[in-house]
Amino acid sequence: MKRTKIMAALLAALLIVSALPLAAFAGGGSFWLQRVTEEEVVVYSSSESFGFEVEPKNAAGEVRYYWFQIDANGRPVNVGDDGEPVIVGNGRALYMHNIPEEKMNEHLYYRCMANDGSESAYVDFSCVLYPIGFEDDYEGPVDHIAIDRLPFRLEYGQGETLDLSGLSYDIYYEDGGHAGVYVMDNASAGDLAWRPVVLTEEGRQIVTLYYKEASAEFSVTVNRVEGYVPPEDNDEEYEVDLELTELPEKLNYFPGEKIDLSGIRCRLWTNMGFRDITDPSEFVVYPDTADGMGPMTVSVEYKGHFAVSYEINVEMINDIFDQEYEVDLEILEAPARRDYIYGEPIDLTGIKCRLYTTLGFKDITDPKELRAEPASADSFGNMTVTVYYNDVVSDTYDIVVGQPDIGDLTGPAAPEVPPAPAPQGPAHPFNDIPEGAYYEQAVAWAYQTGVTDGNGKDKFMPFQLCTRGQVVTFLWRAMGSPEPENLQEPFDDVNENDYFYKPVIWAVSHGITDGTSATTFSPASQCRRSHILTFLWRTLGKPGDTGAEKTNEWWADALAWADSSGGKSLLDETKDPTDGSYDVRDFCPRFEVVTYLYRAMLMMNGPTRQ
């Protein structure tokens, strides 16, 4: 078996920690130390810290701790080399340390001494770091595999993904060879596969591990989750998660350099297993250039559904000082015009910018060399304009946009809200909507008014997460599917053949959304609660607007409105039942989206919700 196939397993190591028989209690008194650390502690390399933890018992006063290394006979060595422990609560002390690479396979011993002001006690530990891996000779057929230790987690709720962290198993080859494997996490499982990936069946569920032609089984407990409806057709594959398993080869950049994903490896998990993705063309990277200095986070997105991130470093490189690259842009003098009427194009006449490069700086006064984003005054009141040079470096300035006579609104004129007739009973064709569920009426309304017809058959798929394109389409249909006045495509990822084409144009024209960037709407990205509430709030005229949407908590006014409008909360039944909390960062499933839509329509134009 090739070492390249075992991924992180070659770096994995087990730190075996056990109490020595030298554990003692000074003076025979009542004060003593109890070892909290489990008998086996796992570290993954010699550079990773491990820990010993102790808890004082029957202490008469404040406890002071002293840690130091000892030899096999209990004699102190390197006294004073080790620092004070970290007090972790309840009087416990945690000591962190590393085993040097040169100490591989060598036993090391440590002692913790403690004093409570009147008595002393101590306890000793031993440890050894040794590698677990594969032999290169083992390329033959596999006879069988055997589970050596079960994963850490053996209890789940319905719908959760199986976690193999902590699993260890042995591979036995037909030629008599043998290799042990330790699984740090799902991403490091190498050639191991398993079913199921998503646990759906309540009660005891069998998990089968597959390694080449061999298999082994263990069981987990799956607890019932209220409202969870298991999928009936498990043969239909759907994506579950994305993990970054190998970083791209290039991690150091100079300013303005294009991000290179060569060498990246991501694992795409589905309900049926996983597949590894190594083709950079399958990803969208943001930002696509090194547009900062120092450490910088790069986000890698797959099909708009899932994203992972990693860190790069951006710095000046000595051997490029003979070449010029943009580093920063500073606006020295703002454009002459600072007051606008909504919809007018941004005028950069009179601007003066200083462009800093690897060779120095130069001043720019020609507006044709710059680009304003947004290109027109597209919001009311104070508005920030970003000025770009070469789409690499930028700076901002503020303008004031005048409001036309549209009442109390602080954005584009809100669309007229049509009446929301109550559904004629709970009639709908969906067999995955539990009778009496709080969202049943909302689903019936959405079906009867054409907001959504589920999967077009007998499934509504209430727990499927909604994308931005779906949410805007639902909202547009709830508003009567109005024809947009201008059919010009506002984003590069929205075209006239998309089902969400008209809904997106309509939403942008009414200030309900302005996309995820100047050129993208990201229709396939999953929609969070904060987004749907803000879309609704803007659609209905921004009631209770305090200007919070211009801050980092841009969703605050929408949340406050949703939680109190009409004396009832849109959020009823969707809050955490244990403490009443509500996390706006959560992704929004289909049943929540139609519930919020239905309740919002009733609050504005329909009967009071009971």
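The values are calculated or read from the model by the stated rules, or taken from the named source; none is laboratory data. Computed from a predicted model, the values in this text were never measured in an experiment. Please note: Cβ atoms are built from the backbone with ideal geometry, for glycine as well, and neighbour counts cover all protein chains shown. SASA here: full protein model, heavy atoms, side chains in, ligands and nucleic acids out. Shrake-Rupley method; radii C 1.70, N 1.55, O 1.52, S 1.80 Å.
Summary of values
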quantity	calculated
Listed pairs LYS352/LYS542; LYS258/LYS368; LYS502/LYS542; LYS250/LYS303 exceeding 29 Å between Cα atoms	LYS352/LYS542
Debye log10 I(q)/I(0) for the range 462-539, one point scatterer per Cα, at q = 0.16, 0.19, 0.23 Å⁻¹	-0.51, -0.74, -1.11
Computed E for ASP366/TYR438 - FRET, C-beta separation, R0 56 angstrom, nearest 0.05	0.40
Difference of contour (0.36 nm per residue) and Cα-Cα distance, ILE341 to TYR356	2.1 nm
Modelled FRET efficiency - R0 56 Å, ARG275 with TYR66, Cβ distances, 0.05 increments	0.60
Which of PHE125, PHE361 is most accessible, then next, and so on - probe 1.4 Å	PHE361, PHE125
Inter-label distance for GLN448 and ASN497, nm, one decimal - labels placed 7 Å from Cα along Cα-to-Cβ	3.8 nm
Heavy-atom accessible surface of the range 436-515: percent carbon and sulfur, 1.4 Å	44 percent
Listed residues LEU244, PRO255, TYR286: farthest to the positive end of the dipole of the range 235-301 (Cβ charges)	PRO255
Accessible area (Å², 1.4 Å probe, nearest 10) - GLU326	40 Å²
Simple label model, 7 Å out from Cα along Cβ direction - SER165 to TYR310, nm	2.1 nm
Using a Förster distance of 41 Å, the FRET efficiency for TYR582-GLU239 (Cβ separation, nearest 0.05)	0.95
Within the range 170-218: Cβ-based charge dipole about Cα centre, in debye rounded to nearest 20 (Lys, Arg +1; Asp, Glu -1)	140 debye
Separation of the GLU573 and LEU247 label points, Cα + 7 Å toward Cβ, nm	4.8 nm
